[in-house]
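Structure first, commentary second.
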Amino acid sequence: MSTVDPGLGEAFANFQYEIYGRGLAGETPSQSVAIAGLEERAREVLSASAFGYVAGGAGMERTLRANVEAFASWQIVPRMLRDVSLRDLSVTVLGTQMPAPLLLAPVGVQSIVHREGELAAARGAAAQGLPFIFSTAASHTFEQVAEAMGDASRWYQLYWPKERDLAASFLRRASDAGYGAVVVTLDTWLLGWRPRDLQNAYLPFLHGEGVANYFSDPVFRAALAQPPEEEPAAAIGHWAYQFANPSVTWEDVAWLREQTQLPILLKGIVHADDARLAREAGVEGIVVSNHGGRQVDGSLPAIDALPSVREAVGSEMTVLFDSGIRSGADILKALALGADAVCVGRPYVWGLALEGQRGVEQVLRALLAELDLTMALSGHTHVAEVGPGALRRP
């Protein structure tokens, strides 16, 4: 459950006037302000393997496309003659204050698109005051990202490893490094069938990318005959053993709850019955997500799952949304359908690929500006005012 913070937030919409003002001196944006344009430009600068890994989805990529296209089945119904001169987009979610209901989704192996990877993305999030959800499958460690962010808000995404001692170690490190919540991914116990990656015969972890948290962990290292620096192939083999963990069930959540005092969110929920089970398990929140279409091709679009999930858990439980956000209007629709906040993934990664931290910030500012404008132009001044009545089905 989110709450609106007192006071008025920044006028994010002013970003457009900053762009127009620079145009008077002949300057145009260094990267596309449209997400589709960002992706096409990133395709030009990245290797085929790196681009395919980020852009690709499972199977025929029907769900990947449907995640984006399904937003068109919900239409915003603007209201007129309301004073919208001042807007407040700020929220507090599970104790984390943020200037707008937007978090950076956990994305692994960011070093394949930019040498600074998660460090640049985390600094970009911090510069805009937005929480960064740090992936277990990162190319930099918990501690390095925490140092890069300083006091800025950050959450931790757990890929639950096979051995509980390693999972507990990850959770301790997250808590010690100042992460404010744990987001547990439920839909990736095994990697989905991803034709782009298979065609390129490319899995970055096997090349030593995205394994920094494992290789630096004392529990992981203790299980190796030689340290990863001396025998990387053996360490990668142990990573593969730890990553695949399809035997976890609802009964295991109780153990996880005992391991940390941090709020826990379960990510990958798209069925109302699973949402109820999550609530009964005593976790604080859920993330409606199908992993951006990367796991089960043919599964329902995430946005179409959101209303039933919200109805199942009621108004008190925290519900975030992930998968398919490409614009500020998309964010408003997700809020109207029950999300307390949304997570954006691929768009900021394209910005990272093009301009590092600056590219990430430009993507975030564009999304926030469009959200601010969409709220105003549809007659809303506070995030809490945005509800199902703001939308209709065509």
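The values are calculated or read from the model by the stated rules, or taken from the named source; none is laboratory data. Since this is a predicted model, take the numbers as computed values, not measurements. For neighbour counting, all protein chains shown are included, and Cβ atoms are generated from backbone atoms with ideal geometry for every residue, glycine included. Accessible surface areas use protein heavy atoms only, side chains included; no ligands, DNA or RNA. Shrake-Rupley method; radii C 1.70, N 1.55, O 1.52, S 1.80 Å.
Output the number of residues of segment 196-233 satisfying the condition of being in a helix (DSSP H, G or I), among the aliphatic types (A, V, I, L, M) and either loosely packed, with under 15 Cβ neighbours inside 10 Å or under 21 Å from the mean Cα position of the chain (by Cα) (or both). Break it down into steps so the answer makes sense when it comes.
Kept after step one, since they are in a helix (DSSP H, G or I), are these residues of segment 196-233: 196-199, 204-207, 212-215, 218-222, 232-233.
Remaining after also requiring among the aliphatic types (A, V, I, L, M): 198, 206, 212, 219, 222, 233.
So of that shortlist, the ones also either loosely packed, with under 15 Cβ neighbours inside 10 Å or under 21 Å from the mean Cα position of the chain (by Cα) (or both) come out as 198, 212, 222, 233.
Residues that pass the stated criteria total 4.
Just to verify a result, which residue in segment 267-281, among those that are farther than 16 Å from Leu94 by Cα and not hydrophobic (A, V, I, L, M, F, W, C), is surrounded by the most Cβ atoms within 10 Å (Cβ to Cβ)?
In this case the residue turns out to be Gly268.
Restricting to segment 240-256, give me the number of residues that are farther than 20 Å from Gln295 by Cα and either touching a residue at least 60 places away in the same chain (Cβ under 8 Å) or surrounded by 14 or more Cβ atoms within 10 Å (Cβ to Cβ) (or both).
Matching residues across segment 240-256 total 4.
Here are some conditions: (1) hydrophobic (A, V, I, L, M, F, W, C); (2) under 30 Å from Met149 (Cα atoms); (3) open to solvent by 60 Å² or more (accessible area, probe 1.4 Å). Trp193 meets all but one. Which one does it not meet?
Among (1) hydrophobic (A, V, I, L, M, F, W, C); (2) under 30 Å from Met149 (Cα atoms); (3) open to solvent by 60 Å² or more (accessible area, probe 1.4 Å), the lone unmet condition for Trp193 is (2).
Of the numbered conditions (1) out of contact with any Asp or Glu (no Cβ under 9 Å at 6 or more places or on another chain); (2) touching a residue at least 40 places away in the same chain (Cβ under 8 Å); (3) of a type in the set (Gly, Ala, Ser), Ala312 satisfies every one except a single condition; which is it?
Every condition holds for Ala312 apart from (1).
Output the qualifying pairs, or none if there are none: Cβ atoms under 9 angstrom, residues six or more apart or on different chains, first residue in segment 137-165 and farther than 25 Å from Val93 by Cα and part of a loop (DSSP other than H, G, I, E, B), second residue open to solvent by 30 Å² or more (accessible area, probe 1.4 Å) and of a type in the set (Asp, Glu).
Note: pairs meeting the criteria are Ser139/Glu209; His140/Glu116.
So, in segment 314-330, how many residues would count as being open to solvent by less than 10 Å² (accessible area, probe 1.4 Å) and either more than 13 Å from the chain's Cα centre (by Cα) or over 22 Å from Glu69 (Cα atoms) (or both)?
So the count comes out to 3.
Pull up segment 277-305, narrow it to residues that are within 16 Å of the chain's Cα centre (by Cα) and among the aliphatic types (A, V, I, L, M), then point me to the one that is farthest from Arg194 (Cα to Cα).
Ranking the qualifying residues of segment 277-305, first place goes to Ile286.
For segment 258-266, state whether one or more residues are open to solvent by 10 Å² or more (accessible area, probe 1.4 Å), within 19 Å of the chain's Cα centre (by Cα) and closer than 23 Å to Trp74 by Cβ.
Within segment 258-266, not a single residue is open to solvent by 10 Å² or more (accessible area, probe 1.4 Å), within 19 Å of the chain's Cα centre (by Cα) and closer than 23 Å to Trp74 by Cβ.
Does Gln110 satisfy the condition of being in contact (Cβ under 8 Å) with a residue 60 or more places away in the chain, open to solvent by less than 10 Å² (accessible area, probe 1.4 Å) and over 24 Å from Ala254 (Cα atoms)? Working first, answer last.
Numbers: in contact (Cβ under 8 Å) with a residue 60 or more places away in the chain: yes; open to solvent by less than 10 Å² (accessible area, probe 1.4 Å): yes; over 24 Å from Ala254 (Cα atoms): yes.
It is true that Gln110 is in contact (Cβ under 8 Å) with a residue 60 or more places away in the chain, open to solvent by less than 10 Å² (accessible area, probe 1.4 Å) and over 24 Å from Ala254 (Cα atoms).
So is Gly345 open to solvent by less than 10 Å² (accessible area, probe 1.4 Å), at pLDDT 95 or above, in contact with a helix residue (DSSP H, G or I) (Cβ under 7 Å, 6 or more places away or on another chain) and of a type outside the set (D, E, K, R) or not?
Working: open to solvent by less than 10 Å² (accessible area, probe 1.4 Å): no; at pLDDT 95 or above: yes; in contact with a helix residue (DSSP H, G or I) (Cβ under 7 Å, 6 or more places away or on another chain): yes; of a type outside the set (D, E, K, R): yes.
Here the answer is no, as Gly345 does not meet what is asked.
Taking only segment 122-136 into account, find how many residues are open to solvent by less than 10 Å² (accessible area, probe 1.4 Å), farther than 15 Å from Phe205 by Cα and part of a loop (DSSP other than H, G, I, E, B). Don't jump to the end; show me each part of the working.
Just the residues of segment 122-136 that are open to solvent by less than 10 Å² (accessible area, probe 1.4 Å), to begin with: 122, 124-125, 130-136.
Next, from what is left, pick out any that are farther than 15 Å from Phe205 by Cα: 122, 124-125, 130-134.
Next, only the ones that are part of a loop (DSSP other than H, G, I, E, B) stay: 130-131.
Within segment 122-136, residues that are open to solvent by less than 10 Å² (accessible area, probe 1.4 Å), farther than 15 Å from Phe205 by Cα and part of a loop (DSSP other than H, G, I, E, B) number 2.
Quick check on segment 282-303. Is at least one of its residues hydroxyl-bearing (Ser, Thr, Tyr), buried (at least 24 other Cβ atoms within 10 Å of the Cβ), in contact with a helix residue (DSSP H, G or I) (Cβ under 9 Å, 6 or more places away or on another chain) and within 23 Å of Ile264 (Cα to Cα)? Quick ask: steps written out before the conclusion?
Our first condition is that a residue be hydroxyl-bearing (Ser, Thr, Tyr); within segment 282-303, this holds for 289, 299.
Filter once more, keeping what is buried (at least 24 other Cβ atoms within 10 Å of the Cβ): 289.
Filter again for in contact with a helix residue (DSSP H, G or I) (Cβ under 9 Å, 6 or more places away or on another chain), leaving 289.
Remaining after also requiring within 23 Å of Ile264 (Cα to Cα): 289.
Yes - at least one qualifying residue is present in segment 282-303.
Among the residues of segment 278-300, write down those that are closer than 13 Å to Ala58 by Cα and of a type outside the set (A, V, I, L, M, F, W, C).
Asn290, His291, Gly292, Gly293, Arg294, Gln295, Asp297, Gly298, Ser299
Of the residues that sit in segment 17-58 and are among the polar types (S, T, N, Q), open to solvent by less than 50 Å² (accessible area, probe 1.4 Å) and touching a residue at least 60 places away in the same chain (Cβ under 8 Å), which one is farthest from Leu89 (Cα to Cα)?
So the first thing to find is which residues in segment 17-58 are among the polar types (S, T, N, Q), and the list is 28, 30-32, 47, 49.
Imposing the further condition that a residue be open to solvent by less than 50 Å² (accessible area, probe 1.4 Å) reduces the set to 31-32, 49.
Narrowing the set further to residues that are touching a residue at least 60 places away in the same chain (Cβ under 8 Å) leaves 31, 49.
Details: Gln31: 25, Ser49: 38 Å.
Here the residue is Ser49.
All but one of (1) surrounded by fewer than 23 Cβ atoms within 10 Å (Cβ to Cβ); (2) within 20 Å of Phe132 (Cα to Cα) hold for Ala376; which doesn't?
With (1) surrounded by fewer than 23 Cβ atoms within 10 Å (Cβ to Cβ); (2) within 20 Å of Phe132 (Cα to Cα) applied to Ala376, the lone miss is (2).
Mind checking whether some residue in segment 125-134 is in contact with a Pro (Cβ under 7 Å, 6 or more places away or on another chain), closer than 22 Å to Leu186 by Cα and without any contact (Cβ under 8 Å) to a residue 60 or more places away in the chain?
Yes: one or more hits.
I'd like to check something: does segment 258-272 contain any residue that is without any contact (Cβ under 8 Å) to a residue 60 or more places away in the chain, among the aliphatic types (A, V, I, L, M) and in contact with a Ser or Thr (Cβ under 8 Å, 6 or more places away or on another chain)?
yes
Just to be sure, is Leu119 open to solvent by 30 Å² or more (accessible area, probe 1.4 Å) and in a helix (DSSP H, G or I)? Break it down into steps so the answer makes sense when it comes.
Numbers: open to solvent by 30 Å² or more (accessible area, probe 1.4 Å): yes; in a helix (DSSP H, G or I): yes.
Answer is yes for this residue.
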